[in-house]
Amino acid sequence: MLLSLTIRDFVIVDRLELEFEPGFGALTGETGAGKSILVDALSLALGERADTAVVRSGAARADISAEFSLAADSALSGWLAANDFPADGCLLRRVIDANGKSRAWINGTPATLAQLREIGERLCDIHGQHAHHALLRADAQRRLLDAHAGVEALARDVAKRHAAWRKLVAARAAAERDVAASARERELIEWQLKELSTLGFDALEWQETEAEQRRLAHAASLLEASSAALAALEEGELPVLPLLQQASSRLTELTAVDANLGEAAELFEGALIQLDEAVLALRRYRDKLELDPARLAELDARIDAVTQLSRKHRVPPEELPAVQARLQARLAELTLAADPALLAEREQEAETAYLAAAQELSAARKAAAERLSKAVTEAMQTLAMAGGRFEIALTPLAEGDAHGLEAVEFFVSTNAGQPLRPLAKVASGGELSRIGLALQVIASQSHVVETLIFDEVDVGIGGRVAEIVGRMLRRLGSSRQVLCVTHLPQVAACAHWQWSIAKENRAGQAASRVTVLDDAGRVEEIARMLGGVSITETTRQHAREMLGL
């Protein structure tokens with residue numbers, strides 16, 4: 001569950017450090033006070049995208065941290081360990097700079113936004129203010145059903161298998177259509193591969209060839225330079241090395257007369273040692289160096305062959321192996337394309353694999369659709385839609401698509417005796433809010449996440465229905481942590497705990513303030529929510545009755 005949320009310089013929040021409790025908590029306050037801002041901040045910590053507008057005016061960056069409890073043996077601990085994050089707790093942090101740069105950490109270790117989003121989906125489920133409007137879209141209806149059935153991973157697998165199958169369908173059709181063109185391309189690639197194979201290019205061998213060619217190409221100059229150096233030192237008519245050796249011996253003798261000469265004599269002697277070693281090294285080098293015009297011509301020819309082929313393929317010589325690999329891969333594709341029967345066989349295998357996964361998905365959807373339809377229909381009886389019905393229709397598709405073998409559509413009848421019609425065509429704003437909330441609450445019960453957040457999803461309801469919604473959330477809060485941003489006193493009164501969010505002026509800037517309410521504070525806040533310019537004792541008494549105080 002969510003333990004704490006720390007927010008710095010986010011929209012109108014300068015600094016907030018919040019500690020959360022288990023059960024059902026209500027976040028209340030006047031419009032514009034910043035209730036939904038807290039949810040938005042948490043969304044960013046869970047991996048949602050952000051822009052610079054979220055950084056508080058005048059601040060360099062927004063900084064948000066969210067800490068969640070974590071059982072040592074939970075699947076989430078395994079995920080953290082598998083992704084090289086410390087598994088001792090769960091602390092998510094997100095920083096958005098004013099220049100647009102965003103950074104993220106998980107347990108103090110840098111993380112990608114995708115990793116933050118992946119772990120966020122395992123920790124918290126957020127239902128936004130307009131979630132019920134999204135239910136009018138077919139894709140949102142399908143995703144909600146799949147989430148309720150727990151088959152999101154299977155649905156993604158079906159989409160991948162469908163893409164693989166359709167790719168092979170297109171490849172077979174192209175092969176049948178472009179047999180002549182494919183044959184010409186295959187012939188060209190085979191010839192190019194033969195050239196590359198004959199060349200036998202190797203990156204290490206290429207480096208050695210270039211080095212040897214440079215050495216042989218300059219062999220005369222290298223031989224002349226090394227011989228001249230040896231002549232000057234030892235082998236010439238006036239070699240300097242014997243003269244230097246005599247001078248060194250004389251200096252060494254004279255150190256007995258004046259010890260101050262010792263440092264110079266030692267340095268002179270050390271220089272002579274270096275020169276002796278230089279003479280030996282030059283002799284070895286000169287003895288190995290040879291003029292070999294035949295070998296030089298051979299190396300020049302090799303370099304010319306490699307250079308010409310690299311120019312033909314418009315790449316540096318070092319990239320010729322990569323060119324060869326790409327051509328081999330393309331030849332394999334063309335070889336397969338040249339055999340429509342083999343393509344048809346693979347196409348059939350891919351279709352069979354797709355159908356097997358899609359049929360498994362269909363079975364899970366059918367069972368989940370029956371459960372969800374029944375549960376929402378029962379909920380409608382208590383949400384001022386007595387006699388109403390809710391049903392999820394699974395309409396078969398002739399060949400299936402990336403989403404499976406059926407189209408998913410929500411149907412509803414809001415009054416007894418009325419026929420079922422698509423949700424988008426029959427539900428009024430208030431009815432849609434109630435049906436959407438029932439769907440979200442019921443679907444959330446099947447999720448494995450411990451924290452559920454509802455951000456003003458109760459818009460459009462009131463009175464007795466609002467109290468029923470509050471009780472639904474309270475029951476859900478008995479097994480999960482549930483947070484609800486609400487303007488309805490009937491919902492807030494059902495919460496196990498309550499916070500009041502208000503906006504105040506600090507140093508000329510608006511800022512949000514959060515107050516943890518005790519029983520007396522809750523009475524005052526519920527009374528305010530009940531309405532009226534001034535709060536009377538009658539209003540307070542009504543609030544106490546709602547709270548059961």
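For ARG143 and HIS496, FRET efficiency with R0 = 30 Å and r from the beta-carbon atoms, rounded to 0.05? Intermediate values should be presented prior to the final figure.
Details: r = 30 Å, r/R0 = 1.01.
With R0 = 30 Å, the Cβ-Cβ based efficiency is 0.50.
Using the per-residue mean of other Cβ atoms lying within 10 Å as a proxy for protection, in what order, highest first, do the peptides 320-329, 88-97, 380-389 fall?
Numbers: 320-329: 14.4, 88-97: 19.6, 380-389: 18.1.
Ranked from most to least packed, the peptides come out as 88-97, 380-389, 320-329.
Measure nothing but the geometry: give the 0 to 90° angle between the long axis through the Cα atoms of 320-337 and the longest principal axis through the Cα atoms of the chain, rounded to 10°.
Value to nearest ten degrees: 50.
Can you tell me, using C-alpha contacts under 8 Å and at least 6 residues apart, the relative contact order of region 336-438 as a whole percent?
Working: 114 pairs, mean separation 21.1, N = 103.
After rounding, I find 20 percent.
Take every DSSP beta bridge with both residues inside the chain and express the antiparallel ones as a percent of the total, to the nearest 5. It would help to have the intermediate numbers written out before the result.
Numbers: 48 of 65 bridges.
Taking every DSSP beta bridge within the chain, about 75 percent pair in antiparallel fashion.
Using the alpha carbons of region 250-382, what is the convex hull volume per residue in cubic angstrom, as a whole number?
430
Quick one: plug the Kirkwood hydrodynamic radius of the chain (C-alpha pairs) into Stokes-Einstein at 4 °C, 1.567 mPa s, and report D in µm²/s. Each step should come with its number before you reach the end.
Details: Rh = 31.4 Å.
Here the translational diffusion coefficient equals 41 µm²/s.
Among rounded, prolate and oblate, which fits region 31-83 when a ≥ b ≥ c are the square roots of the eigenvalues of its C-alpha gyration tensor, a/c under 1.5 means rounded, and a/b larger than b/c means prolate? Walk me through the numbers on the way to the answer.
On the way: a/c = 3.26, a/b = 2.12, b/c = 1.54.
Note, shape of region 31-83 comes out prolate.
Just want to confirm a number: the relative contact order over the chain, from Cα pairs under 8 angstrom separated by 6+ residues, in percent.
Working: 802 pairs, mean separation 126.2, N = 549.
Once divided by the residue count of the chain, the mean separation gives 23 percent.
Could you calculate the contour length gain from LEU204 to THR352, that is, 0.36 nm times the residue separation minus the distance between their Cα atoms, to one decimal place in nm?
48.6 nm
How far is helix 138-149 tilted, in degrees, relative to the longest principal axis of the Cα atoms in the chain, given as a value from 0 to 90 rounded to the nearest 10?
That helix lies at roughly 90 degrees to the long axis.
Among the listed pairs LYS425/LYS503; LYS160/LYS366; LYS35/LYS366; LYS374/LYS503; LYS101/LYS312, give every one whose C-alpha distance is greater than 32 Å. Display every interim value, and only then the final one.
On the way: LYS425/LYS503 40 Å; LYS160/LYS366 21 Å; LYS35/LYS366 38 Å; LYS374/LYS503 43 Å; LYS101/LYS312 43 Å.
Violating the 32 Å limit, Cα to Cα: LYS425/LYS503; LYS35/LYS366; LYS374/LYS503; LYS101/LYS312.
Just need the relative contact order of region 82-173 here, percent rounded to a whole number, with Cα pairs under 8 Å and 6+ apart. Working shown, then result.
Values: 48 pairs, mean separation 12.1, N = 92.
RCO, region 82-173: 13 percent.
On a 0 to 90 degree scale, rounded to 10, what angle separates helix 340-382 from the longest Cα axis of the chain?
Relative to the chain, helix 340-382 is tipped by roughly 30 degrees.
Dividing the Cα convex hull volume of region 5-111 by residue count, how many Å³ per residue is that?
Working: hull volume 11.8 nm³, N = 107.
Dividing the Cα hull volume of region 5-111 by its residues yields 110 Å³.
Sorted by average packing, counted as other Cβ atoms within 10 angstrom per residue and highest first, what order do 475-484, 356-365, 206-215, 255-264 take?
Numbers: 475-484: 20.5, 356-365: 17.9, 206-215: 13.7, 255-264: 10.8.
Answer by packing, highest mean first, reads 475-484, 356-365, 206-215, 255-264.
All of the numbers you see were taken from the coordinates with simple rules; none came from a lab. Just so we're clear, the structure is a prediction, and the values are computed from it rather than from any experiment. Using ideal geometry, Cβ is built from the backbone for each residue, glycine included, and neighbour counts are taken over all protein chains shown.
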